[in-house]
1. What is the pair-distance distribution P(r) of the stretch 110-256, computed from all Cα-Cα distances in 10 Å bins starting at 0, with each bin given as a whole percent?
2. Could you work out how far helix 213-240 tilts from the main Cα principal axis of the chain, as a 0 to 90 degree angle to the nearest 10?
3. Taking each pair of different alpha-carbon atoms in the stretch 140-220 once, compute 1/r for the pair, average those values, and report the inverse of that mean as the Kirkwood hydrodynamic radius in Å to one decimal.
4. Please report the projected area of the stretch 32-138's Cα convex hull averaged over all directions, in nm².
5. Against the longest principal axis of the chain, how steep is helix 77-91, in degrees 0 to 90 to the nearest 10, with axes from Cα atoms?
6. Give me the angle, in degrees from 0 to 90, between the Cα long axis of helix 194-210 and the longest principal axis of the Cα atoms of the chain, rounded to the nearest 10.
7. So how strong a dipole does the chain carry about its Cα centre when Lys and Arg Cβ are +1 and Asp and Glu Cβ are -1, to the nearest 20 debye?
8. If you stretched the chain out fully between Gln87 and Leu20, how much longer would it get, using 0.36 nm times the residue separation minus the C-alpha to C-alpha distance?
Amino acid sequence: MSLMSEPLLFDTLVVVSLVLAAVVATTLFFVVVPYGRHARRGWGPQMNARLGWMVMEAPAVLVFAAFFLLGDYRDSITTWLLFVMWQVHYVYRAFIYPLRLRGAGKRMPVVVVVMGVLFNVVNGYMNGRYLCTLSGGYTNQWLRDPRFVVGSAIFATGLLFNRQADATLRRLRRPERGGYAIPYGGLYRWVSCPNYLGEMVQWTGWAIATWSPAGLAFAVWTAANLAPRARAHHRWFHEHFADYPPERKALVPGVW
């Protein structure tokens, strides 16, 4: 019996990712993953949250880089720019963001870390392998393609939203309520989770800039994971702060 060809494996992973995204989105509207402000017991062994974030996100850096270096088409400026876009996000998320987390003693369930590792390994493979091999290569002419231009601009906008939101949260220092306070400024004027909105915008831009099935699957998965969590954060704020701004939406300004 012959093994599955890599193109067939890749297509299967894309389809499975899209199906699982629908399942995950539905589930997370009813079950809040227990880390951060939603931490609670009953999810098995726990580990240090900073270490957990590093372990969980590092595969996205390393696996993507490995398939980039092993790829057949990695000599164009376009491919290198896409590589940098990916790593700018994930090097920060894996190795800088965890060190800036408040509360050195915070914990997170090991099962959450394991699920994050599995996702980032598969996602890093899909996007890295497609970018440098399965795509057939991105030539430098792609730099002038409207999809790359628009997608890159959207990615940069989402990255800006995400970093500004993270900076706002780092400036908050409030010992009561587990260290949480109402954030103000920037997109917090309109939504409770501009950091999540930023990531969703980022990976939508990535999907457009790469015009790839892997990018599409990642953008859909990001929305499936973060939209329900934004809703949970929004509810949490209203439950814990009587003076929480009533005009704010969870994720999309003026809409939801």
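1. 11, 33, 31, 18, 6, 1
2. The helix 213-240 is inclined about 0 degrees to the chain.
3. 13.8
4. 7.1
5. Roughly 30 degrees, rounded to the nearest 10.
6. The angle comes out near 10 degrees.
7. 1200
8. Between Gln87 and Leu20, full extension yields 21.6 nm more.
None of the figures in this text is laboratory data; all of them are computed from the coordinates on show. Quick caveat, the model's predicted, so the values are computed rather than measured. Glycine also receives a Cβ, built like all others from the backbone with ideal geometry; neighbour counts cover every protein chain displayed.
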